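Engineer: To start, I am sharing the structure in question, which I have written as structure tokens.
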Amino acid sequence: MASTLAAEDEVVELTSELIRIDTTNTADPETLVGEREAAEYVAAKLTEVGYEVEVLESGAPRRGNVFCRLKGADPERGALLVHGHLDVVPADPAEWSVHPFSGAVQDGYVWGRGAVDMKNMVGMTLAVARRFKRDGVVPPRDIVFAFVADEEAGGSLGAQWLVANRPDLFEGCTEAVGEVGGFSLTLAEDRRVYLVETAEKGLAWMRLRARGKPGHGSFLHDDNAVTKVAEAVARLGNHRFPLVLTDTVRAFTERMAELTGQEFPEDDLEGALAKLGPLARMVGATVRDTANPTMLSAGYKANVIPSSAEAVVDCRVLPGREKAFLREVDELLGPDVTREWVQNLPAVETPFGTPLTDAMAAALLTEDPGATAVPYMLSGGTDAKSFQSLGMECYGFAPLRLPPDLDFASLFHGIDERVPVESLKFGCRVLDTFLRSC
């Protein structure tokens, strides 16, 4: 007999329990917690309802990953990968009004590190996967559920490792769905847009290095490595890269213009995007490349001029801009500073208006008659960068109907990260409908 337990009936508990498992990813082996406990939790929940799961480590101890496959009605169709990451960024309990690993359910929210990024989606995916298996649901095609490690550090010990070493886990997958999209922006009382991520900027973490002559800090010195790096970092950090309107951003602005009546002129595009409120921080960063210095390292004593100095710069590059971006960077750095990649992952750009995005839009409408799905570009990065290397078309769709006054963008990696209980339940219903029809 089919179960009467809907996915939304357990999604809050699953999300809360996942948050209570500390999976802090510092990217430092000395302080890293690892995802093993969370992977074991997910595997147990899947095994409990009858899935055959594979739990594996991705190139290092404690870096747990979980995979399972639900067979679909048409084995000739490409499979759909539904993926989420188990790790979270660090959180300082002293800065929070609740403990970041409490998973507290209060005031209509589930609180804690990962509530938004991205144990909410992991909880929704797990709840729907369990519902399908319990009730014998056969989706239109195979669905591969993946819960992976190390996304918050770029995925070298997560998605990148899995793609390079275990491509068999993704056999037949032609499309992928993960973070960061599907959340709502309220335009009017009865009208909401849901942003579907169809593109994301490239991620390029760059280490700069200069060398000079060491010496005593009291002497005159015209070959100072610290000065060379500092000047290069200042030039790069103050540089304004050209405005570029990609296909995805153009589609976003055209659709938003239709829905709002607001103009998005190219000669004041950033000014127009700023009128979108809190969302402007996310969308506004997708019309230019960025290069933000984030780390400096030099010297060991106040009166000693060091022989070398380094800096790390977080670069985010628009699709199609890679070569032009590097030309500009090299001109700004000059001949005395070298660069090398710490991490270099490509941009992603995927078509909108496909059968898969149509299924997303239809699923949203079943729960929100005022919903309109709109494509957008993410300024950050996700594991989609790794999965596209296997030929998958990648999308961000973690559906949430949000309160109009919630500054959702600020909660990513923010203090008092939280997700509304009703948004989780809404997302479960939408994800359930979507996966039955995709």
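The values are calculated or read from the model by the stated rules, or taken from the named source; none is laboratory data. Just so you know, these numbers come straight off a predicted model, no measurement behind them. We place every Cβ from the backbone using ideal geometry, glycine too, and count neighbours over all the protein chains shown.
Engineer: Name the residue that is surrounded by the most Cβ atoms within 10 Å (Cβ to Cβ), counting only residues in region 205-214 that are in contact with a helix residue (DSSP H, G or I) (Cβ under 9 Å, 6 or more places away or on another chain) and part of a strand (DSSP E or B).
Structural biologist: Among those that are in contact with a helix residue (DSSP H, G or I) (Cβ under 9 Å, 6 or more places away or on another chain) and part of a strand (DSSP E or B), it is Ala210.
Engineer: Does Val105 satisfy being surrounded by 22 or more Cβ atoms within 10 Å (Cβ to Cβ) and touching a Phe, Trp or Tyr at 6+ places or on another chain (Cβ under 8 Å)?
Structural biologist: no
Engineer: Then there's this: Of the numbered conditions (1) under 24 Å from Arg192 (Cα atoms); (2) part of a helix (DSSP H, G or I); (3) among the acidic types (Asp, Glu), Glu231 satisfies every one except a single condition; which is it?
Structural biologist: (1)
Engineer: Might you let me know whether region 78-92 holds any residue that is in the same structural domain as Gly391 (by TED's automatic domain parsing), modelled with pLDDT of 95 or more, more than 20 Å from Leu431 (Cα to Cα) and over 24 Å from the mean Cα position of the chain (by Cα)?
Structural biologist: no
Engineer: Might you let me know whether region 185-201 holds any residue that is crowded, with 22+ Cβ neighbours inside 10 Å and over 24 Å from Asp358 (Cα atoms)?
Structural biologist: no
Engineer: If you don't mind, another one. Please give the helices (runs of 4 or more DSSP H) falling wholly within region 346-438 in which 2 or more residues are crowded, with 19+ Cβ neighbours inside 10 Å and β-branched (Val, Ile, Thr).
Structural biologist: 421-437
Engineer: Something else: Restricting attention to region 216-232, does a residue exist that is at pLDDT 95 or above, under 22 Å from Arg288 (Cβ atoms) and not assigned by TED's automatic domain parsing to the domain that holds Gly64?
Structural biologist: For region 216-232, residues at pLDDT 95 or above, under 22 Å from Arg288 (Cβ atoms) and not assigned by TED's automatic domain parsing to the domain that holds Gly64: present.
Engineer: Looking only at region 333-345, how many residues end up being over 23 Å from Gly381 (Cα atoms) and crowded, with 18+ Cβ neighbours inside 10 Å?
Structural biologist: 2
Engineer: Can you name every residue in region 40-77 that is under 24 Å from the mean Cα position of the chain (by Cα) and small (Gly, Ala, Ser)?
Structural biologist: Ala43, Ser58, Gly59, Ala60, Gly64 - these are the residues of region 40-77 that are under 24 Å from the mean Cα position of the chain (by Cα) and small (Gly, Ala, Ser).
Engineer: Still on this structure, please answer the following. Here are the criteria: (1) assigned to a loop (DSSP other than H, G, I, E, B); (2) closer than 19 Å to Glu151 by Cα. Tell me which single one His221 does not satisfy.
Structural biologist: Failing condition for His221: (2).
Engineer: Here are some residues: Phe145, Phe170. Which one is in contact (Cβ under 8 Å) with a residue 60 or more places away in the chain, assigned by TED's automatic domain parsing to the domain that holds Ala27, within 16 Å of Lys71 (Cβ to Cβ) and within 19 Å of the chain's Cα centre (by Cα)?
Structural biologist: Of Phe145, Phe170, the one residue that is in contact (Cβ under 8 Å) with a residue 60 or more places away in the chain, assigned by TED's automatic domain parsing to the domain that holds Ala27, within 16 Å of Lys71 (Cβ to Cβ) and within 19 Å of the chain's Cα centre (by Cα) is Phe145.
Engineer: While we're on this one: How many of the residues in region 110-133 are part of a helix (DSSP H, G or I) and on the phi > 0 side of the Ramachandran plot?
Structural biologist: Going through region 110-133 one residue at a time, the tally reaches 0.
Engineer: Now for a different question. Conditions first: (1) of a type outside the set (A, V, I, L, M, F, W, C); (2) touching a Phe, Trp or Tyr at 6+ places or on another chain (Cβ under 8 Å); (3) closer than 18 Å to Met360 by Cβ. Thr433 passes all but one, so which condition is the exception?
Structural biologist: Single failed check for Thr433: (2).
Engineer: Kindly indicate whether Leu269 is under 25 Å from Asp405 (Cβ atoms) and surrounded by 14 or more Cβ atoms within 10 Å (Cβ to Cβ).
Structural biologist: In short, no.
Engineer: Show the residue pairs that are 6+ apart or on different chains and have beta-carbon atoms under 8 Å apart, the first residue being within region 384-401 and within 17 Å of Ser423 (Cα to Cα), the second being in a loop (DSSP other than H, G, I, E, B) and of a type in the set (Gly, Ala, Ser).
Structural biologist: Pairs found: Gly396/Gly181; Gly396/Gly182; Phe397/Gly181; Phe397/Gly182; Ala398/Gly181; Ala398/Gly182; Pro399/Gly182; Leu400/Gly182.
Matching residues to (1) touching an Asp or Glu at 6+ places or on another chain (Cβ under 8 Å); (2) in the same structural domain as Thr125 (by TED's automatic domain parsing); (3) of a type in the set (A, V, I, L, M, F, W, C); (4) more than 25 Å from Glu171 (Cβ to Cβ):
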| site | (1), (2), (3), (4) |
| --- | --- |
| Ser16 | no, yes, no, yes |
| Thr23 | yes, yes, no, yes |
| Glu35 | yes, yes, no, no |
| Val42 | no, yes, yes, no |
| Gly50 | no, yes, no, no |
| Asn65 | yes, yes, no, no |
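Engineer: Considering only region 44-70, state which residues are under 22 Å from Ser156 (Cα atoms) and either of a type in the set (Ser, Thr, Tyr) or not in a loop (DSSP other than H, G, I, E, B) (or both).
Structural biologist: Within region 44-70, Glu54, Val55, Leu56, Glu57, Ser58, Gly64, Asn65, Val66, Phe67, Cys68 qualify.
Engineer: Only residues that are charged (D, E, K, R), within 21 Å of the chain's Cα centre (by Cα) and under 13 Å from Asp416 (Cβ atoms): list them for region 103-132, please.
Structural biologist: Result: Arg113, single match.
Engineer: Name the residues in region 203-215 that are at pLDDT 95 or above and either under 24 Å from the mean Cα position of the chain (by Cα) or among the aromatic types (Phe, Trp, Tyr) (or both), would you?
Structural biologist: Met206, Arg207
Engineer: Of these, Ala164, Ala153, Ala159, Ala188, which one is over 17 Å from Gly381 (Cα atoms) and in the same structural domain as Ala60 (by TED's automatic domain parsing)?
Structural biologist: Ala164
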